[in-house]
Amino acid sequence: MTLFATLRAAHDALFRAVESALGGWFAGTAARLVFAAVLFGYYWNSALTKVGDGLAGFFTISDGAYVQILPAQMEAAGYDSSQIATIPWGLIVAAGTYAEFLLPLLIVLGLLTRLAALGMIGFVIVQSYVDIAFHGADAATVGALFDRLPGAAIMDQRALWIFLLALLVVKGAGPLSLDAVLRRSNARTRIAPA
């Protein structure tokens, strides 16, 4: 056996062992941990700017929500959200606001993770579109894929966000999640004798 073949066999054996050890739990658990560390606070704080103050304020959509989500409509309404039609615009703002609270929380808890991550992918796409089309993101902020410059806030960073969320859609939350607890509980219920 040549030296190259020996090194190749050792390499393959080592990484098969790593993959086997981490395969069932690592990807989903690590993706949720990274999401919690990097994006949960970002989205939670952004959502807080869209509601009123205090516990009762949570149920009040602020003008800030309309400005962030529907900037063109707010400008046309003279920045008076009461002048904007509830259907469909008010519903869109309410859904976007509460989704920004709910979807990240579900991901961190690992509850309905695949569906929540899919919803967050849609949220990031819409957020990016609004930033480009209505908030006037400049070319440096938008960036471009495959341009050798990795620092653009929209194309580069959000591509990584979407990849992280896609990993959760494909792999699920991992064993340290409410999804796993519910799955185990459901399995025990089906096996238990009547």
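Assorted remarks:
- Per residue value of the accessible surface for the chain (all protein chains in place, 1.4 Å probe), Å²: 62 Å²
- The sum of -39500 (n - 2.57) across all DSSP H runs of n ≥ 4, divided by the residue count of the chain, sets its helix-only mean residue ellipticity at 222 nm to -20500 deg cm²/dmol.
- Only one residue of Ser62, Leu115, Val51 has its Cα farthest out toward the positive end of the dipole of the range 45-194, where Lys and Arg carry +1 and Asp and Glu -1 on Cβ, and that residue is Leu115.
- Taken about its Cα centre, the chain carries a charge dipole of roughly 1180 debye when the Cβ of each Lys and Arg holds +1 and the Cβ of each Asp and Glu holds -1.
- Kirkwood radius for the chain, taken over all pairs of different Cα atoms as the inverse mean of 1/r, rounds to 19.6 Å.
- In the elastic network of the chain, a GNM with C-alpha springs shorter than 10 Å, the most mobile of Ala47, Ala17, Ala140 is Ala17.
- Under a Gaussian network description of the chain, with springs only between Cα atoms under 10 Å, the residue in Leu118, Leu149, Leu167 that fluctuates furthest is Leu149.
- Between Val51 and Ser62, the built amide H atoms are under 5 Å apart, and every one of these is 5 or more places off in sequence or on another chain.
- Listed residues Val108, Val130, Val170 arranged by accessible area, highest first, probe 1.4 Å: Val170, Val108, Val130
- Span-like helix criteria (full DSSP H runs; alpha carbon extent of at least 24 Å along the helix axis; mean Kyte-Doolittle hydropathy of at least 0.0) are satisfied in the chain by 3-22, 91-109, 113-133.
- Close amide H partners of Leu111, meaning residues 5 or more places away or on another chain with modelled amide H under 5 Å apart, are Leu178, Asp179.
- Restricting the trypsin sites (Lys or Arg not before Pro) of the range 83-174 to loop positions (DSSP other than H, G, I, E, B) with no more than 14 neighbouring Cβ atoms within 10 Å leaves Arg148.
- Environment charge at Thr29 (Cβ cut-off 12 Å; Lys +1, Arg +1, Asp -1, Glu -1): +1
- Simple spin-label estimate for Thr189 and Leu55 in nanometres, 7 Å along Cα-Cβ: 3.0 nm
- For the range 1-150, the fraction of 1.4 Å probe accessible surface lying on carbon and sulfur atoms is 71 percent.
The values are calculated or read from the model by the stated rules, or taken from the named source; none is laboratory data. What you are looking at is a predicted structure, and each value in this text was computed from that prediction instead of being measured. Cβ atoms come from the backbone with ideal geometry, glycine included; neighbour counts cover every protein chain shown. Surface accessibility is based on the protein's heavy atoms, side chains included, excluding ligands, DNA and RNA. Shrake-Rupley method; radii C 1.70, N 1.55, O 1.52, S 1.80 Å.
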